[in-house]
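K.L.:
The structure follows.
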Amino acid sequence: MGGIARPYPSWMGADHADDLQYVFGKPFSSPLGYWPRHRHVSGYIIAYWTNFAKTGDPNKGGQSVPTPWPQFTSTGHQYVEIHHDMNRAYVRQKMRTRHVHFWASVLPNLPISASE
């Protein structure tokens, strides 16, 4: 993600821990390094995380959120894609199902090497 200067190509998406700058409000404390849309994202993340810390529910707790974060279930597999212009269209379903299936079902059933 990052601010105005992106150190990685756009196809890479967010890197591990990139969300921390948004959780702690860096786009508000360093406004020249971020676009207004980054402040929107940071505000949404702060609201969801604060509500969750207070109540165990990211939707309730006094902070206004742009769209309800659905409870994850084993049948629905819904998740929220946090975006600067969020609405209900950013509630998605079954993220990377093929990859999840590989890690949860295929990999554990592969034969173990005889040399181990």
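K.L.:
Any idea which of A104, A14 is surrounded by fewer than 12 Cβ atoms within 10 Å (Cβ to Cβ), free of Cβ contacts under 8 Å to residues at least 60 places away in the same chain and either out of contact with any Ser or Thr (no Cβ under 9 Å at 6 or more places or on another chain) or not in a helix (DSSP H, G or I) (or both)?
P.N.:
Answer to the check: A104.
K.L.:
Could you check the range 18-32 and list, in sequence order, the residues that are surrounded by 14 or more Cβ atoms within 10 Å (Cβ to Cβ) and either in contact with a strand residue (DSSP E or B) (Cβ under 8 Å, 6 or more places away or on another chain) or not in a helix (DSSP H, G or I) (or both)?
P.N.:
Within the range 18-32, D19, F24, G25 meet the criteria.
K.L.:
Could you check the range 77-98 and list, in sequence order, the residues that are of a type outside the set (A, V, I, L, M, F, W, C), closer than 17 Å to Y22 by Cβ and either modelled with pLDDT of 85 or more or part of a loop (DSSP other than H, G, I, E, B) (or both)?
P.N.:
E81, H83, H84, D85 - these are the residues of the range 77-98 that are of a type outside the set (A, V, I, L, M, F, W, C), closer than 17 Å to Y22 by Cβ and either modelled with pLDDT of 85 or more or part of a loop (DSSP other than H, G, I, E, B) (or both).
K.L.:
Another question about this same structure. Say whether the condition of being closer than 18 Å to F24 by Cα and either touching a residue at least 24 places away in the same chain (Cβ under 8 Å) or not in a loop (DSSP other than H, G, I, E, B) (or both) is met by at least one residue in the range 53-76.
P.N.:
Among the residues of the range 53-76, at least one is closer than 18 Å to F24 by Cα and either touching a residue at least 24 places away in the same chain (Cβ under 8 Å) or not in a loop (DSSP other than H, G, I, E, B) (or both), which makes the answer yes.
K.L.:
Something else: Quickly run through the range 61-83 and pick out the residues that are buried (at least 16 other Cβ atoms within 10 Å of the Cβ) and of a type in the set (G, A, S).
P.N.:
Answer for the range 61-83, where residues must be buried (at least 16 other Cβ atoms within 10 Å of the Cβ) and of a type in the set (G, A, S): just G61.
The values are calculated or read from the model by the stated rules, or taken from the named source; none is laboratory data. Everything quoted here is computed from the prediction, not taken from an experiment. For neighbour counting, all protein chains shown are included, and Cβ atoms are generated from backbone atoms with ideal geometry for every residue, glycine included.
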